[in-house]
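The values are calculated or read from the model by the stated rules, or taken from the named source; none is laboratory data. Keep in mind the model is a prediction, meaning the values are calculated, not measured. A quick note on method: Cβ atoms are made from the backbone with ideal geometry, for glycine too, and the neighbour counts reach across all protein chains shown. Quick note on the areas: whole protein, heavy atoms, side chains included, nothing else; ligands and nucleic acids left out. Shrake-Rupley method; radii C 1.70, N 1.55, O 1.52, S 1.80 Å.
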Amino acid sequence: MSAPPPGARPPLRRARSIRIHLALLAVVSAVPLAVLAVRAGLEAYRLEQRQGELAALRLAEVTSAASVQLLTSTRHVLEGIARQDTALLFDPARCAALLRSAQALAPQIANLVNVDTTGRLRCSARPYQDSAFLDLSKRHWFREVQARRTFVVGAPQIGLITAGWVIAMAAPVIGEDGHFVGAIGASIPAVQFQELLAGAPAAPDELITIDDGNGIVLARSAEPGVWVGKRLPPATRPGIPIGPGRQLIRGNDADGTQRLFASVRVPSVGWTVYAGVPIERVVGPARAKLASGIAIGGIVLLLVGTLARGIERQISGSLRRLVETAREASEGAARWPPLQGPAEVQALGRQLRESFESRDAAQAAERQTRERYQAIVEQSVFGIAEIDGEGRFWSANPALAAMLGHDTADRLVGTSVREVFTVGERFDELQARLRHESLVRDVEAEWRRRNGAPITVRLNGRIATEEGGGTVTKLFVEDITTQRALEAALHQSQKMEAVGRLAGGVAHDFNNLLTVIGGNAALLMHDYPPARERVEIREIADAAKRARVLTKQLLDFSRRMPPEPQLVDLNALLAEIEQLLLRLLGEHIEVRVTLAPDLPRVRADRGQLEQVVVNLVVNARDAMPSGGVLHLTTSWTREAPAELARRRHVEGWVRLSVSDTGHGIAPAVKAKMFEPFFTTKPRGEGTGLGLATSYANVVAAGGVITVTSRPGEGAQFDIWLPALPAATTATPVAPEREEVAAGGTETVLVVEDEASVRRLAQRVLETAGYTVLLANDGEEAITRLGDRSLAIDLILTDVVMPRRGGTDVAMAARERDPQLPVLFMSGYPADFPLQEALAGDRERLLQKPFTPTQLLARVRTVLDRGRRS
């Protein structure tokens, strides 16, 4: 061919059409996808095969380990017996007992035997017929143990007793001279290994076989009755070693199923465990994936071709767009994500980037909010729970779990909420309110803890809608058991305070009546001659004195003041409150009192000691609802109880015992009985403060309370108090001073709202020569004091009156004349409202009830003191 002439244009090469370019593009695009699909299928095939191999190997290793464990435990039993004293092993009776005990500890063993050096049976855990003629010398295990002098495992054989396949094992018995003197043999039924295979984590289509290393089947997961004791067919393909004692074998099973086997040698016994997985199950999914990949590649090729055909048809209209896209690409637009295409795609990329960034920020904020909320729930002191539509705990926090007596919140999840309500209908009512109102507030309910103990809770809840459209109840729980107990105790305390005030008021009115009764009886005694009528009048006066003592006890018991330690004779205290105790106990309880002579005194608040005795007596009464015996005993000793053993400076201990024949105290109750608010009485019948208060009062006096009791045998409470030295207790108590009645001519203003008391005072004073002015209440007395024309030498006034009390009268008297004496009379306790008015001068208070003699003597004393001052 000749060269073109100079200056001529080179010939144009024939350009390929767009169709060809698109076709090539389609091929280039589709072929890699098809290659990738095929490659993915091959990788899946290899992965599935590897997983099948690992599954088979893992199953074989688990079975081998279980077999070793079974063999090892049996070996330990045999070797332990073989190490026993030969004298024991040679004694048939003792030997048989030993073998039976060992067999009981190793349930996998069917029988244990002891044979001599010739294979003759010495003894057996299970008896044989004609055991004396039983010769085991031909058994494989005996020949092996006799030859090797170590633990051996024999071939499978038919057991002499079980008549089934067993695996025999033996350990040698070595004498003191080191010679073989016999063997201990054991037989394990093949069924033990079958149970071992049944417990292996194998799928139904997986096969496990154990052989003795020579091809004899010991156990097989499929058709054991056919294969145990028979020889396995040889493998058609050689195994691939994958480690010491481990191989992978591919071949057909006896049933014709093609399987992938993994074999593992069982250490020390030469057994082999085969675990087979069907090859179809291993590679079937991989084949499906490979076929799917090829199909996908074909579909992609078809789609790409179709797309190329469509592009070729629309190429004319797309050229301008392609040029514009090329220009924008050359100018470096759109870097994230790296796109090649129209501007709209690049804009979409930018929008995607902004959307992803916004989404990441929102997810981070949501995660932080969720973590903060979870921390609040986990650390809250209130119980928080979510309840599903079926009324079960869906979630709970630790506070709620602790509230109900559980260690962790997981124990609550899935349990019924209705079961924690003591009355299940209350939960139904709560659910109904939630469905109707979607919100409940401050609902109180009774729940029960895991141990059955009741608790009071306050519930707040609402129904919330979950993201999936379902509903869940959010429940907030507050344990208010202690709060309610405190409120009940406060209520009880307020009731007791009201009872104390009532007792004081009743005693005041009663003292007014006793003043009238005793005073008029004394006047009658003075007016009547010593005759029969005077005897009846004395009876009235004596009854008034006894009533005065009872009133004083009532006031002492109801008083509320700080402890006032004083010398107390426990014998005298019991004698004084004995009548009160008898009224508390009732006639169905027999009371016995044993008082020790020459009992040392103690230093304590007398009122508190009376309260302790009353509390213990009331508890004893409640423990004997059907009657019984209450025994009060006093004694003293130099031996201290264990709780006070360190206090060596105390010379001795006075003990007051309160014992009953009631139902006794359980140990669990005894451990907590002195705790505040602990009570075994039904709700509303006790506050749990009685024994706690008693214990505190005794401890405040330097003592302790001990309890001895057993359920059904009654209880004994011992109050131990330090005994005071003899010199202290021997100090005599000064008798009350006998006041001498004397008259006068002075003028006395008597202020008393009780007409009968006012008339009695008037009569007594006028009889003694005094001039008496009367006032019905404090208001009238103050009016009279304002009259300066009245000569008044003494004011005798009651303390508590309806209008203006005695202290107001005393202030008015001080304004009239600072030296004008005032004598108060009151039926309330001696310290009621008079501390400031008396200024420590107890002579200016006449305690009701009083006798005419006491009234005249006290009036004369106060007048004479006023004159001297």
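From the list Gly276, Gly175, the one residue that fits, being touching a residue at least 24 places away in the same chain (Cβ under 8 Å), more than 21 Å from Ala155 (Cα to Cα), surrounded by 14 or more Cβ atoms within 10 Å (Cβ to Cβ) and assigned by the TED database to the domain that holds Ala147, is Gly276.
Of the residues contained in the range 189-199, one or more are found to be at pLDDT 80 or above and over 18 Å from Val264 (Cβ atoms).
When the criteria are applied in full, Val472 fails the requirement of being modelled with pLDDT under 90 and either of a type in the set (Phe, Trp, Tyr) or not assigned by the TED database to the domain that holds Thr415 (or both).
Checked against the criterion of being at pLDDT 80 or above, surrounded by 18 or more Cβ atoms within 10 Å (Cβ to Cβ) and part of a loop (DSSP other than H, G, I, E, B), the candidates Gly712, Gly702, Gly688, Gly662 yield just one match: Gly662. Listed by first and then second residue, the pairs with beta-carbon distance under 9 Å, at least 6 apart or on different chains, first residue in the range 752-776 and more than 20 Å from Asn511 (Cα to Cα) and in a loop (DSSP other than H, G, I, E, B), second open to solvent by 20 Å² or more (accessible area, probe 1.4 Å) and small (Gly, Ala, Ser), are Ala768/Ala741; Ala768/Ala742; Ala768/Gly743; Gly769/Gly743; Tyr770/Gly743. The number of residues in the range 68-82 being open to solvent by 30 Å² or more (accessible area, probe 1.4 Å) and either outside the structural domain of Cys95 (by the TED database) or small (Gly, Ala, Ser) (or both) comes to 1. Out of all the residues in the range 829-844, is one or more open to solvent by less than 20 Å² (accessible area, probe 1.4 Å) and modelled with pLDDT of 85 or more? No, every residue in the range 829-844 fails to be open to solvent by less than 20 Å² (accessible area, probe 1.4 Å) and modelled with pLDDT of 85 or more. Scanning the range 428-464 for residues that are part of a strand (DSSP E or B), open to solvent by 70 Å² or more (accessible area, probe 1.4 Å) and more than 19 Å from Ile384 (Cβ to Cβ) turns up Arg448, Pro454.
Filtering the range 59-113 to residues that are over 16 Å from Cys123 (Cα atoms) and polar (S, T, N, Q) leaves Thr63, Ser64, Ser67, Gln69, Thr72, Ser73, Thr74, Gln108. Looking across the range 83-92 at every residue that is of a type outside the set (A, V, I, L, M) and assigned to a helix (DSSP H, G or I), the one that is surrounded by the most Cβ atoms within 10 Å (Cβ to Cβ) is identified as Phe90. Against the criterion of being among the basic types (Lys, Arg), open to solvent by 40 Å² or more (accessible area, probe 1.4 Å) and at pLDDT below 85, Arg126 qualifies.
Residue-wise test of (1) surrounded by fewer than 16 Cβ atoms within 10 Å (Cβ to Cβ); (2) in contact (Cβ under 8 Å) with a residue 12 or more places away in the chain; (3) not assigned by the TED database to the domain that holds Val472.
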| residue | (1), (2), (3) |
| --- | --- |
| Ile387 | no, yes, no |
| Glu390 | yes, no, no |
| Met403 | no, yes, no |
| Thr408 | yes, no, no |
| Leu412 | no, yes, no |
| Ser416 | yes, yes, no |
| Val423 | yes, yes, no |
| Arg426 | no, yes, no |
